[in-house]
Amino acid sequence: MILSVGFDKPIPAADRMQLKPTTRLTRRVKTGVLSVVQFNCDRAMETQANVRTISITQSVRLAIEDHALESRPAECCGLLSGRDSIITDIHPLRNDADEPETKYFATPEDLIAATRRMREAGQSLLGVYHTHPRTPAYPSASDVEMAFYPEAFYFIISLEPSVEVRAFKIEGSKIEEVEIQPA
Ligand SMILES: [Zn+2]
């Protein structure tokens, strides 16, 4: 959420300091007299809402692992949805990448169909998952580049030496691990 606030006089230095801990100044128009300030409150609100954890039902977690194992040696991918930060539904997608053993790519058609199913169920996109069949469950450089949904949790499943599921927030180039809780 971007909030716009108008000020008709310069903000005292002390007040500017107070803005910093909870809001991130992303854009300042005019120096000296601050006529319009836009700051992004997402991060502050998320911190208060404790988004360092994501809940997922046991059946979805098992379904992700099944999809990962069935697709081996190719990577698999899909979307996760639910309400109130609880993932209750899985939407497996076809991996249409040229090299599906090291990359994943979902077609726009599949993404649109999955998004429609979520909307019809009154759910939100909460997660994106894919496999690392032979590498650790940590975002690769291309995973970071392709992380188009900063609001979603990125689940990565590694299969070797054993099945491991981890979740991350990826915003820009920042990667932050998130705790997965059983719902
Ligand atoms: Zn990856």
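Tell me, 138, 129 in order of fewest to most beta-carbon neighbours within 10 Å?
Values: 138 13, 129 28.
Listing 138, 129 from fewest to most nearby Cβ atoms yields 138, 129.
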Residue 125 neighbourhood, Cβ < 15 Å, K/R = +1, D/E = -1, net charge 0
Of region 66-87, those with amide N under 16 Å from the point 7 Å along the Cα→Cβ vector of residue 163 are 66-78
Computed D for region 111-178, Stokes-Einstein, Kirkwood radius over alpha-carbon pairs, 4 °C, 1.567 mPa s, to the nearest µm² per second, is 101
Computed over region 53-182, the relative contact order (Cα-Cα under 8 Å, seq sep at least six) in percent reads 25
Taking placed amide H atoms and a strict 5 Å upper bound, the residues 5 or more places from residue 93 or on another chain that come that close are 77, 78, 79
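Can you sort 55, 173, 81 from fewest to most other Cβ atoms within 10 Å of each residue's own Cβ? It would help to have the intermediate numbers written out before the result.
Numbers: 55 16, 173 9, 81 23.
By the 10 Å Cβ count, ascending, the order reads 173, 55, 81.
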In order over region 85-92: 3J(HN,Hα) from phi, Karplus 6.51/-1.76/1.60, θ = phi - 60°, whole Hz, x for each Gly or Pro, gives 6, 10, 7, 10, 9, 10, 10, x
Stretched fully, the stretch from residue 151 through residue 134 gains (0.36 nm per residue minus C-alpha distance, one decimal, in nm) 3.4 nm
Once amide hydrogens are built 1.01 Å from N within the peptide plane, the residues lying 5 or more places from residue 56 or on another chain with amide H under 5 Å from its amide H are 87, 181, 183
Scattering profile of region 53-182 from the Debye formula, Cα beads only, expressed as log10 I(q)/I(0) at q = 0.15, 0.22 Å⁻¹, is -0.63, -1.50
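Rule-based calculations on the coordinates, nothing more; no lab input. It should be emphasised that the depicted structure is a prediction, and the values quoted were computed from it without experimental measurement. Here Cβ is always computed from backbone atoms with ideal geometry, including for glycine, and neighbour counts include all displayed protein chains.
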